[in-house]
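Here is the structure we will look at.
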Amino acid sequence: MTTHTKAPVTLTKTPQRRRPRRRRISGLHLYTLVLIAWLILPIAIMILFGFNDTRSKQNFQWQGFTLRWYAHLFDKSDLTAAVVNSLTIALLSTLITTVIGTFAGLALGRYRFRGKGSTNLVLFMAISCPEIVMGASLLSMFVTFNLPRGYLTILLAHVMFSIAFVAVTVRARVVGLDPAVEEAAQDLGAGPWTRFRLVTLPMIMPGVLAGALLAFVLSIDDFVITNFTSGATVTFPLWIYGSTRTGTPPQVNVMGTLIFAVGVLIAVVSARRSIRART
């Protein structure tokens, strides 16, 4: 009598496809999106009304699309002169501030000397000081020294309140440097100037550029301190404030759009360079 043995049957489970989970927008994500939209909205309105085909002095109501304000950008000579004043003052103050602030930050981040704590305190006081207090103080100083207010006093004021920002930025970069690199250059026979030019300066250059950009931005859009020290000289922010009484032309929106575009371009180029440096 023969017995048949049945082979064991193995049951395999068919893999079930997982349904893709729907991404839920959390409260933090929603808050972030609303905040970004709130920050971008004024810039978007400024750019949009640079294309407004307005036929009145006020540029507050949309009347059609046009590109003619870009073609007639420099028709208002007083506005062009104000923009030139703002750009030249910002460039000169950035150049002077970057040189002075770089060496100040280098000294504060590397050396120990008497009065270092007081110097740091003064720098942070200059950063945290309200602009109206800074403007009134500078005005009192210029009046005391009988210095006529104008282009020169605006330049001096911008240099004074921008030095602290550059010095603090460069100081933060210097603190994180490895002193062994400069000591190795010194052992190889490099002098002080050669060490600074070929070793120290390239290492602190990101901090120097960041401080310079910060000084330029602070200078070109400053209103409060400039209003105290301007005299008869008119800058771009002062011209915009004065034009609000009679009507702001669309050229102001075009100028603001171009300045914003240049700032975004500089930020993108700096970000790409930093990414390449890391890789």
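The values are calculated or read from the model by the stated rules, or taken from the named source; none is laboratory data. This structure is a prediction, so every number in the text was calculated from the model and none was measured. All Cβ positions, glycine included, derive from the backbone under ideal geometry; neighbour counts span all protein chains shown. Heads up: the accessible areas ignore ligands, DNA and RNA and are worked out on the full protein's heavy atoms, side chains in. Shrake-Rupley method; radii C 1.70, N 1.55, O 1.52, S 1.80 Å.
Checking each residue in segment 192-218 for being of a type in the set (A, V, I, L, M), open to solvent by less than 60 Å² (accessible area, probe 1.4 Å) and in contact (Cβ under 8 Å) with a residue 24 or more places away in the chain picks out 203, 204, 208, 210, 212, 215, 218. Applying the selection to segment 172-189, what residues are over 18 Å from the mean Cα position of the chain (by Cα), closer than 15 Å to residue 206 by Cβ and assigned to a helix (DSSP H, G or I)? Across segment 172-189, the qualifying residues are 174, 175. Residue 221 fulfils the conditions (1) open to solvent by less than 60 Å² (accessible area, probe 1.4 Å); (2) in contact with a Pro (Cβ under 9 Å, 6 or more places away or on another chain); (3) assigned by the TED database to the domain that holds residue 139 except for a single criterion, (1).
Sort out which residues of segment 79-118 are of a type in the set (Ser, Thr, Tyr) and under 21 Å from residue 212 (Cβ atoms), and write them in order of number. Answer for segment 79-118, where residues must be of a type in the set (Ser, Thr, Tyr) and under 21 Å from residue 212 (Cβ atoms): 86, 88, 93, 94, 97, 98, 102. Contact annotation: residue pairs with Cβ atoms under 6 Å, 6 or more positions apart or on different chains, pairing a residue in segment 35-48 that is within 19 Å of residue 69 (Cβ to Cβ) with a partner that is of a type outside the set (Phe, Trp, Tyr) and part of a helix (DSSP H, G or I), are 46/253; 46/256; 47/257.
Conditions tested, residue by residue: (1) within 30 Å of residue 251 (Cα to Cα); (2) at pLDDT 65 or above.
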residue	(1), (2)
19	no, no
22	no, no
26	no, yes
33	no, yes
49	yes, yes
54	yes, yes
62	yes, yes
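Inside segment 119-135, residues that are open to solvent by 40 Å² or more (accessible area, probe 1.4 Å) and either assigned to a helix (DSSP H, G or I) or not assigned by the TED database to the domain that holds residue 219 (or both) make up a count of 10.
Would you check which residues across segment 49-63 are open to solvent by less than 20 Å² (accessible area, probe 1.4 Å) and in a loop (DSSP other than H, G, I, E, B) and list them? Reasoning before the result, please.
Step one: of segment 49-63, the residues open to solvent by less than 20 Å² (accessible area, probe 1.4 Å) are 50, 52, 54, 59.
If the condition is that a residue be open to solvent by less than 20 Å² (accessible area, probe 1.4 Å) and in a loop (DSSP other than H, G, I, E, B), then 54, 59 are the ones that fit.
Open to solvent by 70 Å² or more (accessible area, probe 1.4 Å), over 19 Å from the mean Cα position of the chain (by Cα) and at positive phi - does that describe any residue in segment 146-163? Checking segment 146-163: at least one residue is open to solvent by 70 Å² or more (accessible area, probe 1.4 Å), over 19 Å from the mean Cα position of the chain (by Cα) and at positive phi.
Note on segment 241-260: residues that are open to solvent by 50 Å² or more (accessible area, probe 1.4 Å) and either modelled with pLDDT of 85 or more or touching a strand residue (DSSP E or B) at 6+ places or on another chain (Cβ under 7 Å) (or both) amount to 4. Total residues in segment 218-240 satisfying the condition of being at pLDDT below 90 and under 19 Å from the mean Cα position of the chain (by Cα): the figure is 1. Taking the conditions exactly as written (touching a residue at least 24 places away in the same chain (Cβ under 8 Å), within 23 Å of the chain's Cα centre (by Cα) and more than 29 Å from residue 256 (Cβ to Cβ)), does residue 100 satisfy them or not? Taking the combined requirement at face value, the residue satisfies it. Screening 198, 238 for residues that are among the aliphatic types (A, V, I, L, M), part of a helix (DSSP H, G or I) and closer than 30 Å to residue 44 by Cα leaves exactly one candidate, 238. Within 30 Å of residue 272 (Cβ to Cβ), aromatic (Phe, Trp, Tyr) and in the same structural domain as residue 85 (by the TED database), is that true of residue 103? Yes: the conditions hold for residue 103. Among the residues of segment 77-88, the ones that are surrounded by 17 or more Cβ atoms within 10 Å (Cβ to Cβ) and over 16 Å from the mean Cα position of the chain (by Cα) come to 4 in all.
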